[in-house]
Amino acid sequence: MTEEKPLVRLIQDRLDGNLQELPVFHTVAVKLQQLLSTRSFEIDDIIELIGEDQSLSGRVLKVANSSYYAGLSKIATIKDAIIRLGAQEIANMAMLASQFEFYNSANETLNKMMHDLWGHALACGVGAKWLTRKAGYPGMASEAFMGGLMHDIGSLALLKVLDDIQKSKETSILFSDQLINEIIEAMHEEVGFNLMRSWNFPDFYCDIAHSHHAEEFDQSNILLVAVRLSNLACKKLGRSLQPADPGISIFSAPEAQYLGLKEIALAELEIIIEDADGISMA
């Protein structure tokens, strides 16, 4: 009789392989982020890249016309969207539209956690984007949204790994909420960092994945600070994998001091995060 491998070993075996094989990113959406990071591109380059997946094109336009982004008139083409909203915003929409499909599982426990994780990622992105604008860094808003959306990608990767292990029946261990949360807490930052590095994401996104919980972090990294503060607000409000923790004082957080935000602004942040469901993905 074959001896059952420990769960940690099963997880590590999968993480030791090609991380790009984990079903957590849409190739076209990643290519768009990489293209924009070069700072050398034309509008037609973006249109051509998105056009490689007509389904993705349609979803990008749907997001562009959602209540979160909608302007005075309907956006009918990808070119219209780029002209009105900018290349980085469209690349973010492509990532947003494509990410949603990965947050699901046939396993009831894992599926609920993935849905909660999606809500957390979206809320954190919306909050981080608002924070950079409020703190006087509007030029960083698009990157802040993406940093918030992707900061917990390591958690999604681990949930996908556990999903694969469960399907393979390689373990008899019951995947309880407590066990899954312990695995995520212990591993998700390193996994997220390695995953984003393997896909050649810009360094500042990799740093956010790696340091959004770290006790010591670069206080001058405005994107990281904004994501950390938004993440903390999500935790306070229960927009995460954990129950709400109303005892958290966002105003007392060093990140709030670094951004120079007053208590009234942080109260507004909580409202922004509570209402962060205006981007329809259905």
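The values are calculated or read from the model by the stated rules, or taken from the named source; none is laboratory data. Note that the structure is predicted; figures quoted are calculated from it, not measured. Note: ideal-geometry Cβ built from the backbone for every residue, glycine included; neighbour counts use all protein chains shown. Remember, those area values only see protein heavy atoms, side chains included, never the ligands or the DNA or RNA. Shrake-Rupley method; radii C 1.70, N 1.55, O 1.52, S 1.80 Å.
If I ask for residues that are assigned to a loop (DSSP other than H, G, I, E, B) and either buried (at least 23 other Cβ atoms within 10 Å of the Cβ) or of a type outside the set (D, E, K, R) (or both), which ones from segment 216-243 would you list?
Of everything in segment 216-243, those that are assigned to a loop (DSSP other than H, G, I, E, B) and either buried (at least 23 other Cβ atoms within 10 Å of the Cβ) or of a type outside the set (D, E, K, R) (or both) turn out to be F217, Q219, S220, N221, G238, R239, S240, L241, Q242, P243.
Which of the residues that make up segment 19-29 are of a type outside the set (G, A, S) and in contact (Cβ under 8 Å) with a residue 40 or more places away in the chain?
L19, Q20, L22, P23, V24, F25, H26, V28
From the list H213, H188, exactly one residue is under 15 Å from the mean Cα position of the chain (by Cα) and open to solvent by 90 Å² or more (accessible area, probe 1.4 Å). Which is it?
H213
Considering only segment 104-116, state which residues are assigned to a helix (DSSP H, G or I), open to solvent by 30 Å² or more (accessible area, probe 1.4 Å) and touching a residue at least 40 places away in the same chain (Cβ under 8 Å).
Pass one, segment 104-116, residues assigned to a helix (DSSP H, G or I): 108-116.
From what's left, open to solvent by 30 Å² or more (accessible area, probe 1.4 Å): 108-109, 111-112, 115-116.
Of everything in segment 104-116, those that are assigned to a helix (DSSP H, G or I), open to solvent by 30 Å² or more (accessible area, probe 1.4 Å) and touching a residue at least 40 places away in the same chain (Cβ under 8 Å) turn out to be T109, D116.
Which of the residues that make up segment 256-276 are assigned to a loop (DSSP other than H, G, I, E, B) and either surrounded by 17 or more Cβ atoms within 10 Å (Cβ to Cβ) or under 23 Å from the mean Cα position of the chain (by Cα) (or both)? Quick ask: steps written out before the conclusion?
So in segment 256-276, the residues assigned to a loop (DSSP other than H, G, I, E, B) come out as 260-262, 275-276.
Correct list: L261, D275, A276.
Out of all the residues in segment 117-161, which are open to solvent by 10 Å² or more (accessible area, probe 1.4 Å) and among the polar types (S, T, N, Q)?
If the condition is that a residue be open to solvent by 10 Å² or more (accessible area, probe 1.4 Å) and among the polar types (S, T, N, Q), then S142 is the only one that fits.
Based on this model, can you work out whether L10 counts as over 21 Å from the mean Cα position of the chain (by Cα) and buried (at least 17 other Cβ atoms within 10 Å of the Cβ)?
Against the criterion (over 21 Å from the mean Cα position of the chain (by Cα) and buried (at least 17 other Cβ atoms within 10 Å of the Cβ)), L10 qualifies.
May I ask you to list the residues in segment 58-77 that are among the aliphatic types (A, V, I, L, M), surrounded by 16 or more Cβ atoms within 10 Å (Cβ to Cβ) and either modelled with pLDDT under 90 or farther than 29 Å from A157 by Cβ (or both)?
Within segment 58-77, V63, A64, I75 meet the criteria.
What is the one condition in (1) within 22 Å of L195 (Cβ to Cβ); (2) among the small types (G, A, S); (3) open to solvent by 60 Å² or more (accessible area, probe 1.4 Å) that S55 does not satisfy?
Unmet condition: (1).
Confirm whether T38 is modelled with pLDDT of 90 or more, farther than 23 Å from L179 by Cα and open to solvent by less than 90 Å² (accessible area, probe 1.4 Å).
When the stated conditions are applied, T38 does not pass them.
Considering each residue of segment 180-236, count those that are in contact (Cβ under 8 Å) with a residue 60 or more places away in the chain and either aliphatic (A, V, I, L, M) or on the phi > 0 side of the Ramachandran plot (or both), and give that number.
Qualifying residue count, segment 180-236: 14.
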